[in-house]
Amino acid sequence: MREHEAQSFYKMLINWRIMGFTMKVMIDEVVGYWNTLREEQSRIVYVGKWGDKTRGGHKEYWTDITEKDEYEKVNLAIVRLKEEYDFIDNELVKYIEVLYSLELIEESLYLKIKYGTDDKTKIALLNCGISSILSKLLQEKYSDMFEADIGNSTVTFSKNLISEMLKNNENGILISEVKMNAKE
């Protein structure tokens, strides 16, 4: 984190979370950036344990991104973003929580950094293990078919939710997620 480039990179990732970018948008941004790299020095990018090249005598944490096809770039972007957001969640958010507890940042900013939203209902859904994609769908199309207890971070689904989702031809994975999280 002492390097300016690393600071800029994490600032960008945190801004993406604050702005509520979806994983698809973030992947498109990363791959789009990689597709602009052409110079010898800049086309070698850090990809962590998925790397196949060394740089400056360090481990094989780097790769020549111009040698990868679009499918490989997307896969590398996914694993890199997952790893980086895990680092943000497990390391950097601790400092954000301290700043928030000392009232040095506003609640809205704190929630957007930590959860990607300041919407209390969506946060309750996320805290119950509901994915961001399903949370969005539930709020947009099925808001009358679930009840979120924000204080206790619990969610209760209507008995008709799954049949309504099936009727609307929703993604089977999202329906399965509701089934897993529904309490009988």
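The values are calculated or read from the model by the stated rules, or taken from the named source; none is laboratory data. Everything quoted here is computed from the prediction, not taken from an experiment. Neighbour counts are summed over all protein chains in view; Cβ atoms, including those assigned to glycine, are modelled from backbone coordinates with ideal geometry. Accessible surface is based on the protein model in full, side chains and every heavy atom, while ligands, DNA and RNA are left aside. Shrake-Rupley method; radii C 1.70, N 1.55, O 1.52, S 1.80 Å.
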Residues in the stretch 50-94, backbone N under 13 Å from the label point at K24 (7 Å along the Cα-to-beta-carbon vector): list them, ranges by number please.
none
Please report the net charge: other residues with Cβ closer than 13 Å to the Cβ of N90, K and R +1, D and E -1.
-3
Largest-first principal axis extents, alpha carbons of the chain, Å
58, 45, 24
How high is the relative contact order of the stretch 85-184, in percent, counting Cα pairs under 8 Å that sit 6 or more residues apart?
18 percent
Leaving ligands, DNA and RNA out of it, work out the accessible area of V45 with a 1.4 Å probe and give it in Å² to the nearest 10.
10 Å²
Provide S42, S163 ordered by accessible surface of protein heavy atoms (probe 1.4 Å), highest first.
S163, S42
Rounded to whole Hz, the Karplus (6.51, -1.76, 1.60) HN-Hα couplings of the stretch 114-124, x for glycine and proline
6, 10, x, 6, 10, 6, 5, 5, 5, 4, 4
What full-extension length gain, to one decimal in nm, is calculated for E67 and T154 as 0.36 nm per residue of separation minus the Cα-Cα distance?
26.6 nm
Rounded to whole Å², per residue accessible area for the stretch 60-141 with a 1.4 Å probe reads 56 Å²
Give me the distance between the Cα centres of the stretch 8-26 and the stretch 125-152, rounded to whole Å.
22 Å
FRET efficiency for T54 and V79, using Cβ-Cβ distance with R0 set to 22 Å, rounded to 0.05:
0.70
When only alpha-carbon atoms are used, what values of Rg and Dmax, in angstrom, describe the stretch 74-155?
14.5, 40
Output needed for the stretch 120-184: three equivalent-ellipsoid semi-axes, defined as square roots of 5 times the C-alpha gyration tensor eigenvalues, in descending order, whole Å.
18, 12, 11
I'd like the carbon and sulfur percentage of the solvent accessible area for the chain, probe radius 1.4 Å, heavy atoms only, ligands and nucleic acids excluded.
51 percent
